[in-house]
Every structure is written in structure tokens, then in C-alpha cells.
Amino acid sequence: MNILFIGDVVARSGLSAVLHSMERLRKQYEADFVVVNAENAANGKGITEAIYGRLVRAGADVVTLGNHAFAKKEILNGIENCPLLVRPENMEPAGAGQSFVIRRCGTKKIAVVSILGHAFMNAATEEPIPAMQRLLPEIRADIILVDLHAEATSEKILFMYQFHKDVTAVIGTHTHVQTADERVFEGCAFISDAGMCGAYDSILGRDIDEVTDSAVNKIPTRFQPAKGPAVICGVVIRIDDETGRASSIERIQIRPS
Ligand SMILES: [Fe+2]
Ligand SMILES: [Fe+2]
């Protein structure tokens with residue numbers, strides 16, 4: 001079985017690239033299951049029910065979020081209508097939505113879990129390891145994939161060593177910069193960061209002039225997303241159908257031509 005994981009979708013540029021490419025990517029990588037992190041899909045921060053619907057109709061089996069999960073408040077009203085949407089376990093409001101979803105894929109049950117990192121992450125209400133330890137006994141699935149939404153590579157690597165026997169994949173998100181440390185450790189696929197789907201000429205998906213005005217010229221800006229063509233980043237995880245353990249992980253990075 002192959003799982004395609006697509007990294008943080010940023011704004012219109014990233015969303016339209018992902019919507020247009022998902023079917024092609026699914027075929028190209030023979031993906032049986034597709035997970036999309038869409039925490040930045042709505043104009044750079046958050047998600048709406050409409051965007052969730054478009055991603056699911058395009059072929060996403062599960063949509064994950066991150067520290068910007070509830071940046072668009074309207075999603076809190078409609079979250080019960082989004083059964084395939086996963087919000088981080090360790091952030092407020094604790095009662096909104098679900099932090100893991102289990103779906104059948106062939107003969108296997110796949111759980112997709114969302115956990116926030118704690119280092120340099122203001123939104124986290126709990127460190128990721130105790131949050132996962134608390135959640136793990138509730139998850140009855142053959143394959144568990146964790147979207148670990150975190151800033152610090154060390155925290156993500158530590159998490160993988162803590163839980164590699166319990167889960168099939170720990171996929172880092174949030175930094176928007178794809179790392180080259182993908183590996184399989186004792187049947188657990190890992191990468192510190194899958195990267196983003198957003199404007200290639202940008203600063204993490206944000207408009208370069210806006211970030212420059214804010215950071216260099218000290219002019220307040222709204223950090224608007226950049227508009228140009230998008231890079232698509234993610235990974236494909238190959239899983240042994242017998243054991244439910246990962247056999248390989250491959251980075252995907254499709255730059256605009
Ligand atoms: Fe993000
Ligand atoms: Fe994030």
C-alpha cells in the first residue's frame with residue numbers, strides 16, 4: 001500500500017496546484033490513500049468548510065491541520081460537517097473536531113493523527129510526547145500515520161524514536177521547507193518536514209515584499225500570501241501490506257517550470 005502525503009497547502013497558489021495535480025499524483029505514485037495538510041489553505045492561515053470540501057472531492061482521504069487550524073473562525077461552526085478533518089490534539093479549543101480519524105483502505109484500517117510540537121510553538125497546550133502517549137491507547141488501527149506539526153527538527157526526531165514501534169509514519173509539517181532526512185527506521189517512515197505547496201518565489205508562501213517591509217523596513221503588513229506558481233511538496237510512503245510497516249519513503253518536490 002502507498003500513502004501520498006502532501007505538505008502544508010498555502011493560499012490560492014498552493015490550493016489550485018494541489019487540486020489540479022492530485023489525481024495525476026495519485027496515479028503516478030500508485031497512491032491508495034492521500035493525506036493533505038491544509039492548515040494554510042485559506043488565504044495563508046486556516047481552512048474553510050468550502051476548501052475542505054474541494055480537497056475531499058479532489059481525492060484527499062484525510063485533511064490535517066496545524067497551529068493555524070482555527071485561524072478562520074467559521075470552521076469552528078462547520079467542523080461537525082468535516083468528518084475527514086483532523087485538528088491537532090494538543091491545542092485549544094480542545095472540544096472542536098477530532099485529533100485522529102480512522103479510515104478503511106482495502107483490508108487495513110489507517111489512523112491519521114495530528115500532534116503539535118511544543119518547542120517554539122505558542123499554540124501547543126502540552127508537549128507532543130505525553131499528548132501522543134495519552135492518545136495512543138484510543139487508536140485501534142493497523143497503520144498509524146502522525147502528522148507532527150512542529151518547528152524544531154530535534155523534537156520531531158525525538159518523537160520518531162519514542163513512537164517508531166507504535167506507528168508506521170511520523171511526517172513533519174509546519175516549517176514549509178522540505179528536509180532531506182527522509183528515512184525508514186525499523187519500519188517507521190520519517191521526515192522532519194514534508195515541505196509546502198505554495199508560491200515557489202515566496203518566503204514560506206508569503207509575499208516577499210510584504211515580509212521585507214515588516215522584517216527589514218519595520219512597516220506593519222498583513223503578510224499576504226505570494227501569488228506566483230506553486231511548488232508541490234510531499235512524500236510517498238510504501239507500506240508492507242502484511243506487516244503494516246513502512247518499507248520506503250520518497251520525497252516529492254515538483255517545482256513550477
Ligand atoms: Fe503551515
Ligand atoms: Fe504551522
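The values are calculated or read from the model by the stated rules, or taken from the named source; none is laboratory data. Everything quoted here is computed from the prediction, not taken from an experiment. Ideal geometry is used to build each Cβ from the backbone, glycine not excepted, and the neighbour counts take in all protein chains shown. Note: areas computed on protein heavy atoms with side chains; ligands, DNA, RNA excluded. Shrake-Rupley method; radii C 1.70, N 1.55, O 1.52, S 1.80 Å.
General remarks:
- A DSSP coil position with no more than 13 other Cβ atoms inside 10 Å describes the following GluC sites (Glu not before Pro) in the range 113-209: 186.
- Percent antiparallel among DSSP beta bridges (both partners in the chain, rounded to 5): 50 percent
- Whole-number accessible area per residue in Å² for the range 2-254, which is evaluated in the context of all protein chains at 1.4 Å: 43 Å²
- Under a Gaussian network description of the chain, with springs only between Cα atoms under 10 Å, the residue in 164, 149, 20 that fluctuates furthest is 20.
- In the range 96-202, the trypsin sites (Lys or Arg not before Pro) that fall in loop regions by DSSP, at most 16 other Cβ within 10 Å: 140, 165
- The chain - percent relative contact order, Cα under 8 Å, separation 6 or more: 19 percent
- Take the Kirkwood radius over Cα pairs of the range 173-257, plug it into Stokes-Einstein at 10 °C and 1.306 mPa s, and you get 109 µm²/s for translational diffusion.
- Rounded to the nearest 500, the 222 nm mean residue ellipticity of the chain from helices alone is -7000 deg cm²/dmol, with -39,500 (n - 2.57) taken per DSSP H run of at least 4 residues.
- Distant alpha-carbon pairs in the chain (separation over 26 angstrom), percent: 33 percent
- Build a GNM of the chain with springs between Cα atoms under 10 Å apart, and of 195, 244, 14 the one that fluctuates most is 244.
- Contour excess over end-to-end distance, with Cα ends at residue 224 and residue 103 and 0.36 nm allotted per residue: 40.0 nm
- Taking the C-alpha atoms of the range 1-136, convex hull volume expressed per residue in Å³: 110 Å³
- Most mobile listed residue (240, 147, 213) in the chain, GNM with C-alpha springs under 10 Å: 213
- Taking amide H positions as modeled 1.01 Å from N, with prolines and chain starts lacking one, the residues under 5 Å from residue 105 and 5 or more places away or on another chain are 110.
- Neighbour cut-off at most 11 other Cβ (10 Å), DSSP loop, GluC sites (Glu not before Pro), the range 198-254: 242
- For the range 143-208 versus the range 18-80, the gap between their alpha-carbon centres in whole angstrom: 17 Å
- The long axis of helix 153-163 is offset from the longest Cα principal axis of the chain by roughly 20 degrees.
- Rg over Rh [alpha-carbon atoms, Kirkwood Rh] for the range 45-95: 0.93
- Straight Cα distances below 17 angstrom link residue 73 to the aspartates and glutamates 39, 49, 92, with same-chain residues fewer than 8 positions distant left out.
- Given charges at beta-carbon only (K, R positive; D, E negative), |dipole| of the chain in Debye: 560 debye
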